[in-house]
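Taking it in order: structure first as structure tokens, then the write-up.
The values are calculated or read from the model by the stated rules, or taken from the named source; none is laboratory data. Please read these numbers as outputs of a predicted model, since none were measured by experiment. Heads up, the Cβs are rebuilt from the backbone with ideal geometry, glycines too, and the neighbour counts pull from every protein chain shown. For the accessible areas, the whole protein counts, side chains as well, though only heavy atoms, and no ligand, DNA or RNA atoms are used. Shrake-Rupley method; radii C 1.70, N 1.55, O 1.52, S 1.80 Å.
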Amino acid sequence: MKIEEAIAWIHSRLPFGSRPGLDRVEALLEIVGHPEKQVKTIHIAGTNGKGSTVTYLRCLLEEAGLTVGTFTSPYIESFNERISINGQEIPDQDLIKLVQKYRPLVEHLDRFEAVAGITEFETLTAMAFDYFLCQKVDVAIIEVGLGGLLDSTNVAVPLLTGITTIGLDHTDILGETIEEIAAQKAGIIKQGVPVVTGNIEERALEVIKKQARLRNAPLHIFGENYQVTYQHPAEQWGEVFSFHNEHGKMTSLTIGMIGQHQTENAGMAIELYQVYCKMTGIPFSEKEIRKGLKKAHWPGRMEKLSEEPFVILDGAHNTHAVSRLVQNLKKEFKDYRINILFSALSTKDVEAMLTQLKAVPNAHLYLTTFEHPKALDLSTVTDLVDETVSIVSLWQFGLAEILEKMTNEDVLVVTGSLYFISEVRTLLLQLGGKNEL
């Protein structure tokens, strides 16, 4: 079997969609001996910030000498990166072996109505736990796919959980209010298992606190049990902040990602790291924390792809993420003419996202679409066209046109769906490699 065939089979489960519930994945895991019960796990939920927080935490744990598995989604550079160990994606041969093992099992379960139609994400969840067990990782950081309570990753038996942020996203599945969405995210809280929260508004935090009380889960709350204070932009690229909790204060911590929200993600990762170390008896030092944070890199999140022309990619794929992006653009790029190339999935609140982007001063917005069954239909946004908004039917042509007319006073920000970002990133790197477009 070639890797293309293996990935094609995994994708063949996509038509079964996203179907909340644990029955199917539990049936599959039972056949393979419940690896999820044998892997030490840290489980991370949240509307935005999951991927960055997972990356910071992985780098911190690696710095402490641990072998760390990560299960994340979606991918930016290659499919295999979804299942990684110490930042190294699963090798093709190992993924092929997993497909050869799981294909007959999944097809066997398809014969039983109650557990038929195992989805792509459910299959990958089972494979990830299996792989991490076989590779004997010290700990696996598992990122929730959608929600929490009914997400297939909620089969995990975690030592520690984290909830990064709560915003309105996937309202068709998770609920239409902040409180309903918070209840879904809080579904990962387990009996007696500590939970660390990120910068979450009070209405949502109350829901999480209530669930933690019901489960006797110790809470570590942003702004209460640990503090993050933004200091200033880093000299080259990134941010500087201070962190304070019961273990003391660290100042002038530096990260290589842009945006005040990234200091909050990094702060949450430090709290998760120190709680985990205390629980497992691992010593930690300020020196290791500083080194780990500096190493963290997450493609497609305020990622500088090129200096000349100045190109940034940011997968702001919902209203909560777009509001953070707008803050960053107003603060960090006020001296530039800003070109924004945007596309999204039609299932998102595109209107609200575009309203926010149109508020960026000195910006021109280019709306486009891309190859995806749920990609934005441009006919639905034609009424937005004015002197600051254009429609580009083929993003490749639009991208070339923008790059051609850019000067050193311009910045191009490619944003919206992570699937879109991934396509653009691949093409830009083919054109000239990072920082050499």
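Points worth noting:
- The set of residues in region 370-409 that are touching a Phe, Trp or Tyr at 6+ places or on another chain (Cβ under 7 Å) and open to solvent by 10 Å² or more (accessible area, probe 1.4 Å) comprises Phe370, His372, Ser390, Val392, Trp395, Glu409.
- Being in contact with a helix residue (DSSP H, G or I) (Cβ under 9 Å, 6 or more places away or on another chain) and over 14 Å from Gly145 (Cα atoms) is a description that does not apply to Leu22.
- Qualifying residue in region 247-265 (condition: at pLDDT below 95 and acidic (Asp, Glu)): no
- The residues on offer are Glu423, Glu371, and the sole one that is among the charged types (D, E, K, R) and either over 24 Å from Thr47 (Cα atoms) or part of a strand (DSSP E or B) (or both) is Glu371.
- Of the residues making up region 386-412, those that are outside any helix (DSSP H, G or I) and within 14 Å of Leu341 (Cα to Cα) are Thr388, Val389, Ser390, Ile391, Val392, Ser393, Leu394, Met406, Asp410, Val411, Leu412.
- Scan of region 120-147 for residues that are among the aliphatic types (A, V, I, L, M) and either open to solvent by 20 Å² or more (accessible area, probe 1.4 Å) or in contact with a strand residue (DSSP E or B) (Cβ under 9 Å, 6 or more places away or on another chain) (or both), ordered by number: Leu124, Met127, Ala128, Leu133, Val137, Val139, Ala140, Ile141, Ile142, Val144, Leu146
- Members of region 28-69 found to be closer than 15 Å to Leu160 by Cα and hydroxyl-bearing (Ser, Thr, Tyr), listed by number: Thr41, Thr53
- Lone qualifier among Tyr276, Tyr230 - being aromatic (Phe, Trp, Tyr), open to solvent by less than 30 Å² (accessible area, probe 1.4 Å) and either farther than 24 Å from Leu149 by Cβ or in a helix (DSSP H, G or I) (or both): Tyr276
- Whichever residue in region 172-193 is part of a loop (DSSP other than H, G, I, E, B) and at pLDDT 90 or above and, among such residues, is nearest to Glu143 (Cα to Cα): Ile189
- Every pair of residues 6+ apart whose Cβ atoms lie under 9 Å, when the first sits in region 165-178 and is farther than 12 Å from Leu146 by Cα and open to solvent by less than 10 Å² (accessible area, probe 1.4 Å) while the second is aliphatic (A, V, I, L, M) and at pLDDT below 75: none
- Within region 315-336, residues that are more than 20 Å from Phe420 (Cα to Cα) sit with their Cβ atoms under 7 Å from residues that are of a type in the set (Asp, Glu), at 6+ positions apart or across chains, in these pairs: Tyr336/Glu409; Tyr336/Asp410.
- Condition check for Gly162: open to solvent by less than 10 Å² (accessible area, probe 1.4 Å), modelled with pLDDT of 95 or more and touching an Asp or Glu at 6+ places or on another chain (Cβ under 7 Å): no
- The helices (runs of 4 or more DSSP H) found entirely in region 1-119 that carry 2 or more residues being under 30 Å from Ser323 (Cα atoms) and open to solvent by 10 Å² or more (accessible area, probe 1.4 Å) are 50-63.
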